[in-house]
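These notes are about the structure you will find just below.
The values are calculated or read from the model by the stated rules, or taken from the named source; none is laboratory data. On a predicted model such as this, the values are computed, not experimentally measured, just so you know. Cβ coordinates were reconstructed from backbone atoms using ideal geometry, including for glycine residues, and neighbour counts include every protein chain displayed.
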Amino acid sequence: MRKVSVRLRRDSVIGETDPRLFGAFVEHLGRCVYGGIYEPGHKTADKHGFRGDVLKLVRELAPTVMRYPGGNFVSGYNWEDGVGPAKDRPRRLDLAWMSTETNQFGTNEFIDWCRLANIEPMLAVNLGTRGGDAARNMVEYCNHPEGTAYSDLRRKHGWKKPHDVKLWCLGNEVDGWWQMEMKTATEYGRIATEAAKMMKWIDPTIELAACGSSGRNMPSFGQWEDTVLQHTFQHVEYVSLHTYINNYTGDAPAMLAAPDLMDSFIEEVVAICDSVAARLHSPKRIHLSFDEWNVWYRTRRNRQERVKPGWPVAPKILEEIYTMEDALAFGGACISLLNHADRVKIACLAQLVNVIAPIMTATGGPAWRQTIFYPFAQMSNFGRGRVLRAEIDSPTYAASYFDPRGATDLYFPLPEVPYLKLAAVEQADGGVTLFALNRNLKEPMSLQIDLQGFGALDMREALQLRNGNLKATNTRKQPDKVKPTALKGMKIGAGRLQAVLAPASWNMIRLGKASGAT
Ligand code: AHR
């Protein structure tokens, strides 16, 4: 059995988690909106058509922020199509996903759904086919109280109070050839700056995220961020990052190592942000919005899984069925985000329902949890607080991770991958939650954690997610095949925790202040 030791000191802190670190994403894509969060006529739907069974699972998942309406979709979206009487809304061809958009669900419905789910909305404006003018009008429609054409239009549509949306994305993945009206970094930097200026002139309280690269594997990565930030630096609070972990090569150890590349990606983007700040002699710090992250590959490169012929409405596309193995890589990504809480302030799991999602539904039928649901729900419910800097002494392995972009074969070497990946968070009540991934597929891990300066802690809950079959999935017929079970045999006392983590397992251990402890 491999021995791993960890030291946690109460005064050694990475940063405080921002509540917006635990977000997700709803795009007009496949069955995410239609048949996902919205299905009038479903037996659990309310008067708005919002599915009650999905809402119940969303509350359990506990995302804090929801990005909308895209994604690639937003680069061709006319926000005006989605407001006003539903019967008058146009049907349009959506060139992002080669489907028909009925516009029966739009901005106002989304805001209502967010309020019901107790989630903060994060709206994206179209900086593909449109620009600053449409963006400023949308801010006026959403956030201006009354007495102007767009604010009064919102009131006429039935929403008297402003939506008061604070978070806005300046377009989406504008560096990608797959985008409607892709742009160079300079073109985008200029358009984003002008849109940002006008949006903030209307509502100076909003916060803006500029598009970073659509992946670390983009040839223009680095140069893109640098140029975009030179233009937008004074006008934005965040730059975006996107990552989808894959296992195209069937190499599980490499897939489980991939979250370490998210760590590198974050640290590289932070370096670029700070280098632009230095050149501008500015004390301002741009923060990171990791507003798309997940595992996604089976339904990614295969065109049949992405596009259905005949311009269907809400086609069954990108419906990735997640395995135990995926949940492990996904858990690793959760740990990467937590361990960069000092600079990653917003993160959005892409996406929420049906489309590369933790929640699946059958149209007209039930909803259930995919394997990736659990690490996210645990992180969101118990991962808030001060993230501690863990000193980890773990054996390592070497891996080379395949992450192609287009026809290019890209292998990223990872020479030192510790078998243990871990995040530790101290909550406001003095409790400590540990998230621990054992990346060794064959051997259990003997884990010893020294806890210094926390006072007496006792065990509150210990759960593991594991399945001997790494390809195990949850399905409509077997929705609970992969779910957390009790992690047994732990010892805690005298500032030391000892546990044995099963091979290929994700674990959450919650410690609380022992009664009487100060
Ligand atoms: O989340 C699916 C798609 O992935 C999004 O629409 C796009 O932004 C990214 O390429």
Residue 96, sole failed condition from (1) within 16 Å of the ligand (Cβ to nearest atom); (2) touching a strand residue (DSSP E or B) at 6+ places or on another chain (Cβ under 9 Å)
(2)
Picking from 357, 377, the residue that is within 16 Å of the ligand (Cβ to nearest atom), within 13 Å of the chain's Cα centre (by Cα) and of a type in the set (Gly, Ala, Ser) would be 357
Which condition does residue 162 not pass, out of (1) surrounded by 15 or more Cβ atoms within 10 Å (Cβ to Cβ); (2) part of a helix (DSSP H, G or I); (3) more than 25 Å from the chain's Cα centre (by Cα), if it passes all the others?
(2)
Name the pairs: first residue in region 485-509 and free of Cβ contacts under 8 Å to residues at least 60 places away in the same chain and surrounded by 13 or more Cβ atoms within 10 Å (Cβ to Cβ), second residue among the aromatic types (Phe, Trp, Tyr) and part of a loop (DSSP other than H, G, I, E, B), Cβ to Cβ under 9 Å, at least 6 apart or on different chains?
495/454
Out of the residues in region 373-412 that are among the aliphatic types (A, V, I, L, M) and part of a loop (DSSP other than H, G, I, E, B), which is surrounded by the most Cβ atoms within 10 Å (Cβ to Cβ)?
390
If we scan region 137-144, do we find a residue that is among the acidic types (Asp, Glu), surrounded by fewer than 17 Cβ atoms within 10 Å (Cβ to Cβ) and away from the ligand (no atom under 16 Å from the Cβ)?
no
Pick out, from region 227-339, the helices (runs of 4 or more DSSP H) lying fully within it that include 3 or more residues that are closer than 18 Å to residue 30 by Cβ and within 16 Å of the ligand (Cβ to nearest atom).
303-306
Going by the structure shown, is residue 280 of a type outside the set (S, T, N, Q), surrounded by fewer than 14 Cβ atoms within 10 Å (Cβ to Cβ) and modelled with pLDDT of 95 or more?
yes
Can you tell me which residue in region 65-79 is nearest to residue 106 (Cα to Cα), limited to those that are within 13 Å of the ligand (Cβ to nearest atom) and not aromatic (Phe, Trp, Tyr)?
69
Residue, farthest from residue 40 (Cα to Cα), within region 63-110, restricted to residues that are hydrophobic (A, V, I, L, M, F, W, C) and surrounded by fewer than 19 Cβ atoms within 10 Å (Cβ to Cβ):
95
Applying the selection to region 294-347, what residues are aromatic (Phe, Trp, Tyr) and farther than 22 Å from residue 473 by Cα?
311
Those residues that are among the aromatic types (Phe, Trp, Tyr) and closer than 25 Å to residue 498 by Cβ, I need them from region 397-436; list them, please.
397, 419, 435
